[in-house]
Amino acid sequence: MQFNDIKRVLISVTDKQGIVGFAQGLQAYGVEILSTGGTAAQLRASGVTVKDVSEYTGFPEMMDGRLKTLHPKIHGGLLGLRDNAGHMQALKEHGIGLIDMAVINLYRFEDTVAKEGCSLDHAIENIDIGGPTMLRAAAKNYRFVSVVTDPEDYAKILAEMKETGGKISEATNFALAKKTFQLTARYDGAISNYLGLLSSGSEEKRDFPDTFSCQFAKAQDLRYGENPHQKAAFYREKDPQLSALSNGRQLQGKELSYNNIMDGDAAWQVASDLPLPGCVIIKHANPCGAATSSGDMAEAFLKAMAGDPVSAFGGIVAFNGPVDKKAAEELVKIFFEVIIAPAYSAEALELLGTKKNVRVLEIPVSCTKRSSGYDFRRVMGGLLVQERDLVPFDIRQAQVVSKRVPTEAEYQALEFAWRMVKHVKSNAIVYTTKDQLVGVGAGQTSRVDSVKIAKMKAVLPTAGCVVGSDAFFPFRDGVDMAAEAGITAIIEPGGSIRDEEVIQAADEHGMAMIFTGMRHFKH
């Protein structure tokens, strides 16, 4: 394996976390350090000997710092192949020294444009030119040059230099180069996405850019995909603040499968939509049980189980609050593939530990964002991109279209139904009380079939429940069937050419009916 001596290092960083200690560690090996601007000033103030890039190149910084590292003495030193006699002769003829390591991170473009009121001019000024150019040059020449972009790597590099007497292996350089090109790809993608939202000469943003770039980091290879003959891997967004399954920590159990992750994500999305304390049980991406409780998580879980105990077997269960010993005592009585919660008590983990194969995930409560942003759906030869369905809705603002106004208890039940139906595959129908999912009709080609299946699947009494429908009733038959099940109120978007017929059916059955003007299709 090839090892390279580190004799000259160029340091130019925006993120100065740990840079002084790293520079001091490098200098202990007699390394010459070149630097620019604020980085050089901070290093000097800490006692590190630094040579300014302008002194090294013999060319002054100019244009407010726009031009400082774009010089043959920098890029020649980074790009020169040490095993190419012609390269080495050219460097010697032009007085260009070798640069063995580049420590660089970039202007914070993404943070800049995320700030409210960021102007186009300010965004443009925060597009780094010299940094990406040096990074790409150094990464291209990874056989001889180390390129460092992440402060998390400083300690690893110094540890390797300690073991090798100041050298870095080509294997390490290759790993660093891959990381570098991933960074520059993401950086250019962020610039492209931002500028693609703007029309020429205007700072008014469109909803979607001309081209769309995104980057996901591989979290793990999976044993297989939806089926054993399909290969699969799991990638996560590079957003540590995202409150999502991708930021979960597995505390015990077998490795997560493709289907575990799909269903686990669905479970966490539903749990996040429930008032505290709440619990949901997912089977094949649809909720088969869900409930909230005025008491505790154990009660919420038992109420969720009561909705469909048969389907719950082998499902995914998610809680929106901590799991304590009492809840864990109930959980271990049933076989679940995955259990998800933001926290667990020590007693709960001890109990769950008796079920060795059960995957227990913790979603950090420190996350500040739910799964906002874009939703993606891959189609052959293309990508569908949409905003996530997170628009808040005040149930009291819904239009009462029936003769009878919902009672207070019905309003509470209708609100729970509306929270739930958005997470059920279309055509979606749910039967609920104010705090419990009673029946689910999911993924049917006709709405009346969903009403029928929701009644058929209901274990608990449906009399006195309400119905939530993700889209309008196209005919009155669904309302008539709901009335036969004892449903007293319905929430749906409205908008059918037969709305009057549907409303008339509700009135005939003495039902309350409200229209939201908003649908919740989920294909």
Name the pairs whose Cβ atoms lie under 9 Å apart, with the first residue in segment 249-270 and on the phi > 0 side of the Ramachandran plot, the second assigned to a loop (DSSP other than H, G, I, E, B) and among the acidic types (Asp, Glu), and 6 or more positions between them or separate chains?
-> Gly253/Glu337
Tell me, please, whether a residue that is modelled with pLDDT of 90 or more, loosely packed, with under 14 Cβ neighbours inside 10 Å, under 30 Å from Pro342 (Cα atoms) and out of contact with any Leu (no Cβ under 9 Å at 6 or more places or on another chain) can be found in segment 147-163.
-> yes
Looking across segment 109-119 at residues that are assigned to a helix (DSSP H, G or I) and free of Cβ contacts under 8 Å to residues at least 60 places away in the same chain, the single one that is surrounded by the most Cβ atoms within 10 Å (Cβ to Cβ) is Thr112
Condition check for Lys205: outside the structural domain of Ala139 (by TED's automatic domain parsing), of a type in the set (Lys, Arg), more than 30 Å from Tyr29 (Cβ to Cβ) and touching a Phe, Trp or Tyr at 6+ places or on another chain (Cβ under 6 Å) = no
If we keep only residues of segment 287-297 that are among the small types (Gly, Ala, Ser) and crowded, with 24+ Cβ neighbours inside 10 Å, then the residue farthest from Asn357 (Cα to Cα) is Ala291
Among what's in segment 225-249 and is at pLDDT 90 or above and surrounded by 14 or more Cβ atoms within 10 Å (Cβ to Cβ), pick the residue that is nearest to Glu350 (Cα to Cα).
-> Phe234
Is at least one residue of segment 36-44 in a loop (DSSP other than H, G, I, E, B) and out of contact with any helix residue (DSSP H, G or I) (no Cβ under 7 Å at 6 or more places or on another chain)?
-> no
Test Ile453 against the stated conditions and say whether it is under 17 Å from Gln399 (Cβ atoms), touching a strand residue (DSSP E or B) at 6+ places or on another chain (Cβ under 8 Å) and either at pLDDT 95 or above or surrounded by fewer than 24 Cβ atoms within 10 Å (Cβ to Cβ) (or both).
-> no
Restricting the first residue to segment 460-473 and requiring it to be on the phi > 0 side of the Ramachandran plot and assigned by TED's automatic domain parsing to the domain that holds Tyr431, which pairs with a second residue that is surrounded by fewer than 19 Cβ atoms within 10 Å (Cβ to Cβ) and assigned to a loop (DSSP other than H, G, I, E, B) meet a Cβ separation below 9 Å and a spacing of at least six or different chains?
-> Gly464/Gly486
Checking Arg223 against (1) in the same structural domain as Leu349 (by TED's automatic domain parsing); (2) over 30 Å from Ile191 (Cβ atoms), the condition it does not meet | (1)
Quick count over segment 482-523, residues being crowded, with 20+ Cβ neighbours inside 10 Å and assigned to a helix (DSSP H, G or I), is 5
Can you list the helices (runs of 4 or more DSSP H) found entirely within segment 340-457 that contain at least 3 residues being assigned by TED's automatic domain parsing to the domain that holds Ile281?
-> 346-352
All positions within segment 55-104 that are of a type in the set (Lys, Arg), within 22 Å of Thr149 (Cα to Cα) and in contact (Cβ under 8 Å) with a residue 60 or more places away in the chain | Arg66, Lys68
Condition set among the polar types (S, T, N, Q) and either in contact with a Leu (Cβ under 9 Å, 6 or more places away or on another chain) or part of a helix (DSSP H, G or I) (or both), scope segment 263-311, selection nearest to Lys326 (Cα to Cα): answer is Ser293
Could you tell me whether segment 52-74 includes any residue that is in contact with a helix residue (DSSP H, G or I) (Cβ under 9 Å, 6 or more places away or on another chain), under 12 Å from Leu98 (Cβ atoms), outside any loop (DSSP other than H, G, I, E, B) and assigned by TED's automatic domain parsing to the domain that holds Ala177?
-> yes
Could you grab me the full set of residues in segment 328-347 that are surrounded by 15 or more Cβ atoms within 10 Å (Cβ to Cβ) and acidic (Asp, Glu)?
-> Glu330, Glu337
What do you reckon, is Lys238 among the basic types (Lys, Arg) and out of contact with any strand residue (DSSP E or B) (no Cβ under 6 Å at 6 or more places or on another chain)?
-> no
Within segment 202-224, the count of residues that are exposed (fewer than 14 other Cβ atoms within 10 Å of the Cβ) and either under 15 Å from Ser192 (Cα atoms) or at pLDDT below 85 (or both) comes to 8
Criterion: without any contact (Cβ under 8 Å) to a residue 60 or more places away in the chain, closer than 29 Å to Lys162 by Cα, surrounded by fewer than 18 Cβ atoms within 10 Å (Cβ to Cβ) and among the basic types (Lys, Arg) - qualifying residue of Lys7, Lys16 = Lys16
For segment 120-173, which residues satisfy the criterion of being over 23 Å from Lys238 (Cα atoms), assigned to a loop (DSSP other than H, G, I, E, B) and either under 32 Å from the mean Cα position of the chain (by Cα) or not assigned by TED's automatic domain parsing to the domain that holds Gly80 (or both)?
-> Tyr142
Which of the residues belonging to segment 178-201 are loosely packed, with under 14 Cβ neighbours inside 10 Å and within 23 Å of Tyr107 (Cα to Cα)?
-> Lys178, Ala185
Please indicate, with yes or no, whether at least one residue in segment 298-316 is surrounded by fewer than 13 Cβ atoms within 10 Å (Cβ to Cβ) and over 24 Å from Ala417 (Cα atoms).
-> yes
What number of residues within segment 348-388 are at pLDDT 95 or above, under 18 Å from Gly248 (Cβ atoms) and either among the aliphatic types (A, V, I, L, M) or surrounded by fewer than 12 Cβ atoms within 10 Å (Cβ to Cβ) (or both)?
-> 6
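The values are calculated or read from the model by the stated rules, or taken from the named source; none is laboratory data. Everything numeric here is computed off the predicted structure, so don't read it as measured data. FYI the Cβ positions are ideal-geometry reconstructions off the backbone, even for glycines, and counts take in every protein chain you see.
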